[in-house]
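The values are calculated or read from the model by the stated rules, or taken from the named source; none is laboratory data. No experiment lies behind these values; they were computed from the predicted model shown. Virtual Cβ from ideal backbone geometry, glycine too; neighbours counted across all protein chains shown.
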Amino acid sequence: MSYLPRVSGRGVVAAVAVVAAAVGGVVSQSTGAPAMLQGAAQETALQQQLDTLLNDARYDGSQVALVVRDATTGETLYDRNGDQRMLPASNTKLFTSTAAMHTLGPSYRFHTDVLATAPVRGGKLQGDLYLKGYGDPTALESDYVGLAKQLRAAGVRRVDGDLIADDTYFDHVRLGDSWAWDDEPFYYSAQISALTLAPNTDYDSGTAIVESRPGAAVGAPVKLTLVPGNGVLKLVNTAKTGAAGTSNTLSIERDHGTNIVRVTGSVPLGASVGQEWVTVWEPELYAADVFERALAAEGIRVDGHIKNAASPATARRLARDESMTVGELMTPFLKLSNNMHAETLVKAMGAVVEAKGSWSAGLGIVTDYAKSVGVDTSRIRLSDGSGLSRKVNVTADSVTDILIGVQKEPWWQQWYDGLPIAGNPERFVGGTLRSRMLNTPAANNLHGKTGSLTGVTALSGYVSNADGRKLVFSMISNNYLDSPRSIEDAVGITLASWSDQAPPAAVSPNTLRTTQTTCDLEWEKAC
């Protein structure tokens, strides 16, 4: 059975097209009558090829939805289960990112302030120093160094009080709805705080990197380094150096509810430096610790302790650091599918629009924006901004509605450029698609958002066919045991190679699965 366009609110033409396609014709845009054109046969051939791909045995006992539409007219060219609610994983970020570009605007910047209520006399601040975050998910150690340099330039040499970490711009709910306890140590599930820190320019806020090196001899302890250096995480190291050529069994995990990080296993002699990201419990204290070290490096002594509290309304600003713009953030956010960026944007939207830096406030704004561009929001549920929650339900229809609707936005090109590009090996160009659809018509053509959870894979975006016709598509697969990700790639290649002049070439997902290196989980750093 071929899954043809169904009757929907997308127009009477689409309704007539169902009948026309059934008899081998297409709809004439001028008269609405069937016409026996070559393009109709090719659309039917396209539908048949997509049916063949989606009838794969890997979908036995599982679910798949696929919708393909013309990006300009909105015409539905293929629809299987497009109205069925599915778990989208990181395709949720399509809703979050577009709402953020609309609500905050592409020029919006996060900031971090250093504040005080007491005067500075003779180089001494006679009171507490406040470090207040406004949600910057891209803050690095170098940014806190910059704040310390601003204080030194302002004449501060000593703080006769405590260093207060203030993350009250957001609420204190750290983890998203239904996030799993066993994900907590890992970088894709870091705590969300308005005052936080990332260890490098992947901008995984709320995490630090544990670097590991083998010892000088077999049996020696593995050498560990924290990046950035801090006194918050406590490394408990029982890992040993193994013989050259043995397996690397190093394991690095943080104990729940603490900042104790246990390092176990073995690293072979002669191994290169390893890196493992680990999340931090209460990121605002982590940020304040790194800032205090930066102050010390600038010759500024803090007499008191690090605490967390709200800044007084009367506090005056001594220094400020600003982030990249939200438009610029789309590149690391979407290319690397950064969960923390998504959740920070959700809470920031709530804080800016409703003065409530919470998931509930922000998700209401995301839903409202989706509705404004044509999504039937009564048929979907958003529970977080990243898709890590297993309560999120969207339809392939709703995803294609977003993809079509946002094309009219003045910021669309910058957002579109932030999407991963199939088959482009550059990490911040190809992103999570850089090792997929290599050397095919989809390479450097298909711009899409990936999605990955156990039992979930999704790919949605834009692709031009062989005639230059721009298409949008959304494919979501749920509850499988054997990953159908290579079928996603085969669908992308099929759409890219389709032409009105010739039927699409048959693409074997089994061939793609054996010849193309892909990552089963988009959050694996090695991918």
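Just to be sure, is Val392 touching a Phe, Trp or Tyr at 6+ places or on another chain (Cβ under 6 Å) and at negative phi? Explain how you work it out, then say what you get.
Numbers: touching a Phe, Trp or Tyr at 6+ places or on another chain (Cβ under 6 Å): no; at negative phi: yes.
It is false that Val392 is touching a Phe, Trp or Tyr at 6+ places or on another chain (Cβ under 6 Å) and at negative phi.
Looking at Leu363, Leu318, Leu329, which is the one that is in contact (Cβ under 8 Å) with a residue 40 or more places away in the chain, more than 28 Å from Leu129 (Cα to Cα) and not assigned by TED's automatic domain parsing to the domain that holds Val429? Quick ask: steps written out before the conclusion?
Working: Leu363 fails: in contact (Cβ under 8 Å) with a residue 40 or more places away in the chain; Leu318 fails: more than 28 Å from Leu129 (Cα to Cα).
Among Leu363, Leu318, Leu329, only Leu329 is in contact (Cβ under 8 Å) with a residue 40 or more places away in the chain, more than 28 Å from Leu129 (Cα to Cα) and not assigned by TED's automatic domain parsing to the domain that holds Val429.
Would you be able to tell me the number of residues in the stretch 325-346 that are touching a strand residue (DSSP E or B) at 6+ places or on another chain (Cβ under 7 Å) and surrounded by fewer than 24 Cβ atoms within 10 Å (Cβ to Cβ)?
Initial filter on the stretch 325-346 (touching a strand residue (DSSP E or B) at 6+ places or on another chain (Cβ under 7 Å)): 325, 334, 337.
This time we only want the ones that are surrounded by fewer than 24 Cβ atoms within 10 Å (Cβ to Cβ), so: 325.
Count: 1.
Considering Ala309, Ala296, Ala351, Ala315, which residue is under 22 Å from Ala190 (Cβ atoms) and among the hydrophobic types (A, V, I, L, M, F, W, C)?
Values: Ala309 fails: under 22 Å from Ala190 (Cβ atoms); Ala296 fails: under 22 Å from Ala190 (Cβ atoms); Ala315 fails: under 22 Å from Ala190 (Cβ atoms).
Of the residues listed, the single one that is under 22 Å from Ala190 (Cβ atoms) and among the hydrophobic types (A, V, I, L, M, F, W, C) is Ala351.
Please specify each residue of the stretch 46-66 satisfying the condition of being part of a helix (DSSP H, G or I) and either of a type in the set (A, V, I, L, M, F, W, C) or under 24 Å from Asp467 (Cα atoms) (or both). Step through it out loud before you land on a result.
First, the residues of the stretch 46-66 that are part of a helix (DSSP H, G or I): 46-54, 57-59.
Those that are part of a helix (DSSP H, G or I) and either of a type in the set (A, V, I, L, M, F, W, C) or under 24 Å from Asp467 (Cα atoms) (or both): Leu46, Gln47, Gln48, Gln49, Leu50, Asp51, Thr52, Leu53, Leu54, Ala57.
Check whether at least one residue in the stretch 183-198 is surrounded by fewer than 23 Cβ atoms within 10 Å (Cβ to Cβ), more than 17 Å from Val261 (Cα to Cα) and either within 21 Å of the chain's Cα centre (by Cα) or not assigned by TED's automatic domain parsing to the domain that holds Thr249 (or both), and report yes or no.
Within the stretch 183-198 (the criterion being surrounded by fewer than 23 Cβ atoms within 10 Å (Cβ to Cβ), more than 17 Å from Val261 (Cα to Cα) and either within 21 Å of the chain's Cα centre (by Cα) or not assigned by TED's automatic domain parsing to the domain that holds Thr249 (or both)), the answer is no, since none of the residues qualifies.
Being part of a loop (DSSP other than H, G, I, E, B) and among the hydrophobic types (A, V, I, L, M, F, W, C) is the filter; apply it to the stretch 441-463 and report the residue that is surrounded by the fewest Cβ atoms within 10 Å (Cβ to Cβ). Spell out how you get there, then give the answer.
Going through the stretch 441-463, the residues part of a loop (DSSP other than H, G, I, E, B) turn out to be 441-446, 454-455.
Retained after the next criterion (residues that are among the hydrophobic types (A, V, I, L, M, F, W, C)): 442-443, 446.
Working: Ala442: 27, Ala443: 20, Leu446: 30.
Result: Ala443.
Taking the stated definitions as given, is Ala118 of a type in the set (A, V, I, L, M, F, W, C) and surrounded by fewer than 20 Cβ atoms within 10 Å (Cβ to Cβ)? If you could, list the steps in order and put the result at the bottom.
Values: of a type in the set (A, V, I, L, M, F, W, C): yes; surrounded by fewer than 20 Cβ atoms within 10 Å (Cβ to Cβ): yes.
It is true that Ala118 is of a type in the set (A, V, I, L, M, F, W, C) and surrounded by fewer than 20 Cβ atoms within 10 Å (Cβ to Cβ).
Looking at the stretch 464-499, which of the residues that are aromatic (Phe, Trp, Tyr) and either under 25 Å from the mean Cα position of the chain (by Cα) or surrounded by fewer than 20 Cβ atoms within 10 Å (Cβ to Cβ) (or both) is farthest from Gly82 (Cα to Cα)?
If we filter the stretch 464-499 for residues that are aromatic (Phe, Trp, Tyr), which is where we start, we get 473, 480, 498.
Applying the additional criterion that residues be either under 25 Å from the mean Cα position of the chain (by Cα) or surrounded by fewer than 20 Cβ atoms within 10 Å (Cβ to Cβ) (or both) yields 473, 480.
Details: Phe473: 10, Tyr480: 18 Å.
So, considering only residues that are aromatic (Phe, Trp, Tyr) and either under 25 Å from the mean Cα position of the chain (by Cα) or surrounded by fewer than 20 Cβ atoms within 10 Å (Cβ to Cβ) (or both), the one farthest from Gly82 (Cα to Cα) is Tyr480.
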